[in-house]
Amino acid sequence: DAGNRLRFQLELEFVQCLANPNYLNFLAQRGYFKDKAFVNYLKYLLYWKEPEYAKYLKYPQCLHMLELLQYEHFRKELVNAQCAKFIDEQQILHWQHYSRKRMRLQQALAEQQQQNNTSG
């Protein structure tokens, strides 16, 4: 059904936007996190953590942010631009570490396959 498909797409896009700490800061500064209906909507969106939905996410860190947004203290802290900047920096550090680690694993796998080919 077209209505359900559109809703799925809109919710997918919105949930992924939650991975952006600057967007979270924007929402906090405009008072969205003080709106009970909006906070309830964030709780509703937790269904994205289920594997049949999570597989569509390109930015899985959005699920961690969605989880943190369930806590009032976290929502209040996001008003502070320094908080958003800190989260942004931590995400960059994580990605850099992940990329280097993944590259080392891929190199090790390639070397192992090469050894298997020469010995086999």
Can you bin segment 36-91 into rounded, prolate or oblate? Criterion: square roots of the alpha carbon gyration tensor eigenvalues sorted a ≥ b ≥ c, rounded for a/c under 1.5, prolate for a/b above b/c, oblate for the rest.
oblate
Quick one: if the Förster radius is 22 Å, what FRET efficiency do residue 23 and residue 104 give, using the C-beta to C-beta distance and rounding to 0.05?
0.10
Over the Cα atoms of segment 57-115, what Rg and Dmax result, in angstrom?
17.0, 55
At 1.4 Å probe size, what's the solvent-accessible area of residue 67? Round to the nearest 10 Å².
60 Å²
Distance in nm between residue 49 and residue 37 label points, each 7 Å along Cα→Cβ, equals 2.6 nm
Run the helix sum for the chain: -39,500 (n - 2.57) per DSSP H stretch of 4+ residues, divided by residue count, reported at 222 nm to the nearest 500 deg cm²/dmol.
-24000 deg cm²/dmol
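Could you give the longest part of the chain that holds none of the trypsin sites (Lys or Arg not before Pro) found in DSSP loops with at most 13 neighbouring Cβ atoms within 10 Å? The partial results should precede the final answer.
Working: sites that count: 30, 55, 58.
Segment 59-120 is the longest.
By the gyration tensor of its Cα atoms, with a ≥ b ≥ c the square roots of the eigenvalues, what is the shape of segment 15-55: rounded for a/c under 1.5, prolate for a/b over b/c, or oblate? Could the numbers behind the result be given before it?
Details: a/c = 5.08, a/b = 1.54, b/c = 3.29.
Cα axes put segment 15-55 in the oblate bin.
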Considering only DSSP states other than H, G, I, E and B, which chymotrypsin sites (Phe, Trp or Tyr not before Pro) in segment 12-120 qualify as loop sites with at most 10 other Cβ atoms within 10 Å?
71
Rounded to the nearest 10 Å², the accessible area of residue 62 at probe 1.4 Å:
0 Å²
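Charges at C-beta only: +1 for Lys and Arg, -1 for Asp and Glu. How large is the resulting dipole of the chain about its Cα centre, in Debye rounded to 20? Don't skip to the answer; put the middle values down first.
On the way: 16 positive and 12 negative charges, 27 e Å.
With Lys and Arg at +1 and Asp and Glu at -1, about 120 debye.
Sort 39, 79 from largest to smallest accessible area, using a 1.4 Å probe on the heavy atoms of the protein chains. Present the calculation step by step, with values, prior to reporting the outcome.
On the way: 39 35, 79 65 Å².
The ordering from most to least exposed comes out as 79, 39.
Looking at the chain, I'd like the Rg to Rh ratio, where Rg is from alpha-carbon atoms and Rh is Kirkwood's inverse mean 1/r.
Numbers: Rg = 19.2 Å, Rh = 16.6 Å.
Reported Rg/Rh, Kirkwood definition of Rh: 1.15.
The values are calculated or read from the model by the stated rules, or taken from the named source; none is laboratory data. Please read all numbers here as calculations on a predicted model, not as lab measurements. Every residue, glycine among them, receives a Cβ derived from its backbone with ideal geometry; neighbour counts consider all protein chains shown. Calculation scope for accessible area: heavy atoms of the full protein, side chains included, ligands and nucleic acids excluded. Shrake-Rupley method; radii C 1.70, N 1.55, O 1.52, S 1.80 Å.
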